[in-house]
Structure formats: C-alpha cells, structure tokens
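Chemist: Just passing along the structure, written as structure tokens.
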Amino acid sequence: MKGGETMSYRIVHYINQFFAGIGGEEKADYAPESREGVVGPGMALNASLGDEAEIVGTVICGDTYFATDMDKASVEVLELIKKFEPDAVVLGPAFNAGRYGSACGAMGDAVSKELGVPVVSGMYPENPGVEMYKKSLYIVETPDSARGMGKAIPAMAKLVLRLLKGEKLGSPSEEGYIERGIRKNMFFEKIAAERALDMFVSKINGQPFTTEYVMPVFDRVAPNPPIMDMKNTTIALVTSGGIVPKGNPDHIAASSAQNYGEYDITGVMDLTSEDYESCHGGYDSTYACDDPDRVLPVDVLREMEKEGLFKKLHNKYYSSVGNGTSVGNAKKFAAEFAQKLKNDGVDAVIVTST
Amino acid sequence: MVHCATIVPISLTVGANRIVPAVAIPHPFGDPKKSLDEEKAIRRHLLEKALAALQTEVQEQTVFKD
C-alpha cells in the first residue's frame, strides 16, 4: 500500500490486450485475465492518483473476445473485478477504438449496476461506446488516439477521486467529461428571460456568448431531379404521423420513437378506424383515428392510381412517430427504409407530417 | 421526395427540398368540419400539388404554396 497510515481507495483498472502489452489485433481474442497491481498505462494512472487511491488490480480482456459475446464476457470480467473488492473502477482510456470503447462502456455499466461503485472511463466523443453508455458512467473526453494518454490519465484520475470523495461535480465541461444527456435543474440568479436577452445583446454586438442549449445541426441534401415520366412512376408513402395498424403491433412509442413500422397495404383502398390508428402522442389524434387518410392519404392516392396519374402506389408504407424522436434515430430509420424503397424499385416518396 | 407538412418552418429547417404545406397538425390531409367528399377534395388538391412538386425542377428548398 502506498502512502502513510491511512487506507487509500482501492481501484481496479480495466484494459484491453493491446495496452496490456500482450499483442495487437492477433491477440484480440484474449480471454479475461486478472493481475495484481498495475499493467501498462495503469502505472501512470496510479501515479496520478497520488496517495489517496491505489490500483490494487488490473483486469485485461481482448477486444474481440468481449465483442463476440458481450453478456458472457461481462459476467467473466465482473467476477475478476469483484475479487479485488474495488472502491472504484477505471476503464481504458479507449480513445476512438470502437470495440474497446464498447467494452469499457459495457463493463462500466455492469460495475455500476452490480457493485454500485464510481466508474470512470475515457473516450473520444465519436467512439460508439459514448453514445451507448454515456448515461451509465462518466466518460472523460479524450483525443482520438493514444497520443492523448498524457492528458487523459490525469483527468480520469482527478474525476474518480472526486467521485470517491463524494464531491459535488461541476458541469461536464468543468470536470472534463462528455455530456451524458442527463438534465439537472439548477437555479440562476437571473431569470431565463434576462439571460436570454443578455445573450441576444452579446450576439448583436458580435460578442461571444455561451448558449444554454446547443442546437442540433441539420445537413442539406441537393434536390433530386424532377420526375419526368409520372405515368410510369411508382410512389411510396412514408409518415411521421404515427399511422399504424390498429393495436400498434410494433409498439411504436407515442414519443421518442425507438423504431419504425413497415406495413403492407396490398389491396387496401382506404384507411379506416377499424383497421388503423394514430399512435402519435404529439397531436390530438382523434381526427386521425376517425379517418387515418387524414394523415396518410391512401384513399385518394388509390383513386389517382386507378386514373393512371402514376403507375402504382407501392404496396408498403413506412411509419414512425415524429414527436420527440431524436434526429439520430430519425436518420437511422430513414436510411434503412430508404434503402428498402430503392431495392423495391420505388421512384418517388410522399412523406406526410402532422 | 416531397414533404407534405403542416409546419413548414420545421420542414425547411430539417432540409426538405420540395415542401407542400398541409392543412393542420391533427389533420394535414383533411378537415373534420367538412363532409367526406369535401375532405377528399382537399386531399386530392394537396396530392396533385405533391405530384406537381415531384415533377418540378428545383435548385433550392421550395415551398409549393397555392
């Protein structure tokens, strides 16, 4: 034990096969192993922790071993971590390594839930482990490669010590961790209207100001060329208005949808309240439930199809709920079903939104 | 793609290039105060605009108003 008479906090460090010096990709299937004390970057981490904490053990696991069966690997690694009786666990840093970051995140989540001790990792913001696990553990922001080790380690050490001591944390930017998407209410001296005006005045005067809410960035797509031969065009319907078969078989959420539905309308000439409904929670769905054609205009499109104004209405439509659904999810859904529409030979899409 | 949307500013913000303004949030393609035939006429009108928009060359985001 380092330091003087007082007990220091016991830390377990989780790293992958590469940082353990075992090997690179060829050793990525390395099964979980535990070692006393520090391994690899654990040495620097230990030094950064000073007298207050000590790495009592290191658990190593190959990135591919973990990724191949995350549930099984989690259980195995957790057992090894448990044996050290840690007061906190530090994982990585994983920088931008995707499998490593996912493993650190998954283990951090498991440790947090099973052992209830502070957990800290370090990743580059674009590491998929961030998006998946930022809510479960504190992830210090690091550069995208191990060249950032020198800055990441002290930051992670500092944060884990603060968590161990139960100190009140400042904002993510103050403490150096990636925003977790967790909203905390706080009081300000000035009311929101005054703060907004202060920002506005700064903005007009060309002076810097810090927004309290960062807007998502929307990309732009170049307009497609126009349809030249409508009579030979296959049209498909897509909606964000939540029109789904009665009973909402795919359980699309009324807000913050986690999925979209693909529904067959072969032979369906008209949407009625008997067979369809609106599951959207962001508008009064009474009228849409009474007549779903008011949001997904199948009835009139069928008439126009019969008149030959276009070749045909695609036999499937895609539906989700726009209400509170993240831009990320919306993009993901659309990329997926757009590909399906393309594969099915659809030429044009009418998207309806409430 | 043509976006038939009630809230045109949102459609513009997210980047739709061909936009047809719809009737109202709870009934973009209808009007519960009208008869079914009148509603179908409204739907028809909007869908014809949608088809016209799909056949129109545009260089930038375009809202196809009446």
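Chemist: Is there a simple number for the mean count of other chain Cβ atoms within 10 Å of the Cβ of residues in A:276-287, and what is it?
Modeler: Mean shielding by partner chains, rounded to a whole number: 2.
Chemist: Any aspartates and glutamates with Cα under 16 Å of the residue A:190 Cα? List them, leaving off those in the same chain fewer than 8 positions away.
Modeler: A:198, A:212
Chemist: Residue-wise, which Karplus ³J(HN,Hα) couplings in Hz belong to region B:58-66, taking 6.51 cos²θ - 1.76 cosθ + 1.60, θ = phi - 60°, and x for glycine or proline?
Modeler: So the J values, rounded to whole Hz, are 10, 9, 8, 4, 9, 9, 8, 7, 5.
Chemist: Find out how many positive minus negative residues lie around residue A:16, taking Lys and Arg as positive, Asp and Glu as negative, among other residues whose Cβ is under 15 Å from that of residue A:16.
Modeler: Result for the local shell: -3.
Chemist: Rounded, prolate or oblate: which fits region B:3-63, taking a ≥ b ≥ c as square roots of the Cα gyration tensor eigenvalues, rounded meaning a/c under 1.5, else prolate when a/b beats b/c? Mind dumping the intermediate values first?
Modeler: Numbers: a/c = 4.77, a/b = 1.64, b/c = 2.91.
Oblate shape, in that a/c is at least 1.5 and b/c is the bigger or equal ratio.
Chemist: Which of rounded, prolate or oblate describes the protein assembly as shown when judged by the alpha-carbon gyration tensor and an a/c cut-off of 1.5?
Modeler: Prolate is the answer for the protein assembly as shown, as a/c is 1.5 or above and a/b outweighs b/c.
Chemist: Using a 10 Å cut-off around each Cβ, can you sort A:178, B:19, B:10 from fewest to most neighbouring Cβ atoms?
Modeler: B:10, A:178, B:19
Chemist: Helix B:36-54 versus the longest principal axis of chain B: what is the Cα-based angle in degrees, 0 to 90, to the nearest 10?
Modeler: The angle comes out near 10 degrees.
Chemist: Then there's this: Holding the Cα-Cα limit at 21 Å, pick out from A:311/A:331; A:246/A:316; B:40/B:65; A:306/B:40; A:27/A:134; A:316/A:340 the pairs that are longer than that.
Modeler: Where the Cα-Cα span goes over 21 Å, the pairs concerned are A:311/A:331; A:27/A:134.
Chemist: Turning to a different aspect of this structure: Across the residues of B:8-14, average count of Cβ atoms on other protein chains within 10 Å?
Modeler: Mean inter-chain Cβ contacts per residue within 10 Å come to 2.
Chemist: Points 7 angstrom from Cα along the Cβ direction at residue A:210 and residue B:31: gap in nanometres?
Modeler: 5.1 nm
Chemist: Find the percent of Cα-Cα distances in region A:230-352 that exceed 18 Å, and round it to a whole number.
Modeler: Beyond 18 Å sits 49 percent of the P(r) for region A:230-352.
Chemist: Counting only other chains, what is the mean number of Cβ atoms within 10 angstrom of the Cβ of each residue in peptide A:301-312? Walk me through the numbers on the way to the answer.
Modeler: Working: counts 6, 0, 4, 5, 0, 0, 0, 0, 3, 2, 0, 0.
Counting Cβ atoms of other protein chains within 10 Å of each residue's Cβ and averaging gives 2.
Chemist: Now a separate question. In whole Hz and in residue order, list the ³J(HN,Hα) couplings for region A:185-192 that follow from phi through the Karplus curve 6.51 cos²θ - 1.76 cosθ + 1.60, θ = phi - 60°; x for Gly and Pro.
Modeler: Per residue, the Karplus-derived 3J(HN,Hα) values read 6, 9, 9, 10, 6, 8, 6, 4 Hz.
Computed from the coordinates by the stated procedures, all read-outs in this text should not be read as laboratory data. Computed from a predicted structure; not experimentally measured. A quick note on method: Cβ atoms are made from the backbone with ideal geometry, for glycine too, and the neighbour counts reach across all protein chains shown.
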